[in-house]
Structure formats: structure tokens, C-alpha cells
Amino acid sequence: MIAGDIAVSCELSYLGDNQGMHEAQTRGGGSNLSAANKIRFSQSALVCGESFQRLAEGLISAIWTVKEGAHQVMPDEMGNVVACATNLAFAVELYLKGILVQLGLDVPMSHNLRVLYDAIPQSVRTLIESIYDTALPDEVRRLDGRVSFTCAIGPSGELSWDDYKVSLALPDLLERSKDLFVSWRYAFEFSPPVSSPYQIREFEYGLLRCAAEVLRVELTVRLDQTEERPTHFDPGI
């Protein structure tokens, strides 16, 4: 079976439309297919990834409204941070998987961003990293240097924070952010670490937004070259 043999059919059901509601409830939802039997579409990955990215970008400015310091309960504004991190991480994941599909490679059954990135051939990664390195300075200036948010959950009291000094290289960023989708969507849970009284979550939104955009463009170009027409996307916050 090839992609051209499959269509996407959509239907809207309305309250009171008992027939439609019944059909929606009885249709198959999840899939029991093994990874080997799943059919993946890079164009669908792009479309969905763009929507997740768009949602995340709309929340970046809300990150700056979170007041620094200790809080007895999670501030309301933290919900925006969690939603932004989760959506942006998933956008990056979908772009990486879409590129792998476009290259005809196996797609790891994982949310780990570094694992997915390492599955891409070195020649393609070199190109992506070159574009990312060129685009990052402009992205940092656009955000006035604000690129990262850190949350520590643990005993009350003021913390001493280290200066933000990290490798800006894309592979290192994806290594630090490899479990972002999983860890931030469970931000309401607290698991005391063995080596520290605090559970630390860091969201390098400025760098990841740049990574997402570079990966989005890479996947878009590849789809254009194969005449799988992507939808228009207007980036920016």
C-alpha cells in the first residue's frame, strides 16, 4: 500500500446528532499495528507539527509573565509554560520523524529527541546544524536574549541559581531536551531525585524554537522536492 492509496476523510458531529455520535463512539480509534506495519506520512507530520509549533509560539511571551522566586503553589502562569514546552517538544519530534519518513528510514518508537535526531544520516544533520548555527543569533536577538526557563520543585526557600552557560550546538540542545515532551506534560507530579532535594525542569524555548523552525523548513523543502505539497505556515510569535 502506498500513500496515494490512502485518503483522509473528516466528519463533524453535533450535539443531538445521535447517529453521528454513535458512529464516532463505535469506530476504531487506537491502533494495534506493530511499528513495522504502521504507515507514516511525512506531509501529515509537517501539518501537525506546524500546528503544535504555532500553539507553542503563541505562548512564549506568556513565559515572561511568571514571577521569579519561590511559590507555595504552582502559579497560574506556569500552565502556559507547561503547554508551551509540551507543544514545542512535540513539534520538534514530528519534524524529526517526518524527515526520517521522507528519507525512507525506520522511525524509532520514541519521544527521545536525541535518539530521533541521531537516526538521521550525518550528511543531513550537518546541513541542518549549519542552518541552525546561522539562524540562532537572530533568534536570540529577537527574543532579547531570553531563551530559557527553569523550574525547581522541592523544599521552600530561595535557591541559588547557576549562570546559564551551556553548549548551543543543536545535538547538545536535543540531548538536554531529549525527554522534554514526557517530563513537562507531567509537571504536576513530583518525584524526589536521589542526588538532590529538588526536581529540576529546564525549557530552553528560544533555542528549541529555532531548532523547530529549521527542522520545519528542512522537511518542507524535502516535501516540495517530491511534490508532496505542504500547507502554508506563517511562523512567528
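Brief remarks on what is shown
- Among the residues making up region 186-215, those that are closer than 17 Å to Thr86 by Cβ and among the acidic types (Asp, Glu) are Glu189, Glu202, Glu204.
- If the condition is being modelled with pLDDT of 90 or more, under 12 Å from Phe149 (Cβ atoms) and among the charged types (D, E, K, R), then region 64-102 contributes no residue at all.
- Within region 12-43, considering residues that are at pLDDT 80 or above and touching a Leu at 6+ places or on another chain (Cβ under 9 Å), the one surrounded by the most Cβ atoms within 10 Å (Cβ to Cβ): Ser42
- Matching residues, region 156-181, being among the charged types (D, E, K, R) and modelled with pLDDT of 90 or more: Asp172, Glu175, Arg176, Lys178, Asp179
- Residues located in region 86-123, provided they are in a helix (DSSP H, G or I), aliphatic (A, V, I, L, M) and free of Cβ contacts under 8 Å to residues at least 60 places away in the same chain: Leu94, Leu100, Leu116
- Pairs, first modelled with pLDDT under 55 in region 211-237, second among the polar types (S, T, N, Q) and surrounded by 10 or more Cβ atoms within 10 Å (Cβ to Cβ), C-beta under 7 Å, six or more apart: Pro230/Gln43; Pro230/Thr220; Ile237/Ser61
- Output for region 136-155, where each listed residue is within 20 Å of Leu88 (Cα to Cα) and modelled with pLDDT under 85: Cys151
- Within region 103-115, one or more residues are within 17 Å of the chain's Cα centre (by Cα) and small (Gly, Ala, Ser).
- Summed over region 171-192, residues that are over 13 Å from Tyr132 (Cβ atoms) and either in a helix (DSSP H, G or I) or among the hydroxyl-bearing types (Ser, Thr, Tyr) (or both) total 11.
- For region 193-210, the candidate set comprises residues that are among the hydrophobic types (A, V, I, L, M, F, W, C) and not in a loop (DSSP other than H, G, I, E, B); within that set, the residue that is farthest from Tyr95 (Cα to Cα) is Ile200.
- No other residue among Arg146, Arg185 is more than 28 Å from Ile99 (Cα to Cα), of a type outside the set (Phe, Trp, Tyr) and in contact (Cβ under 8 Å) with a residue 40 or more places away in the chain apart from Arg146.
- Per-region count, region 52-63, residues at pLDDT 95 or above and either touching an Asp or Glu at 6+ places or on another chain (Cβ under 8 Å) or crowded, with 24+ Cβ neighbours inside 10 Å (or both): 2
- No other residue among Ser167, Ser156, Ser195 is of a type outside the set (A, V, I, L, M), in contact (Cβ under 8 Å) with a residue 40 or more places away in the chain, surrounded by fewer than 15 Cβ atoms within 10 Å (Cβ to Cβ) and over 29 Å from Ser42 (Cβ atoms) apart from Ser156.
The values are calculated or read from the model by the stated rules, or taken from the named source; none is laboratory data. Only a predicted model underlies this, so the values are computations on that prediction, with no experimental measurement involved. Cβ atoms come from the backbone with ideal geometry, glycine included; neighbour counts cover every protein chain shown.
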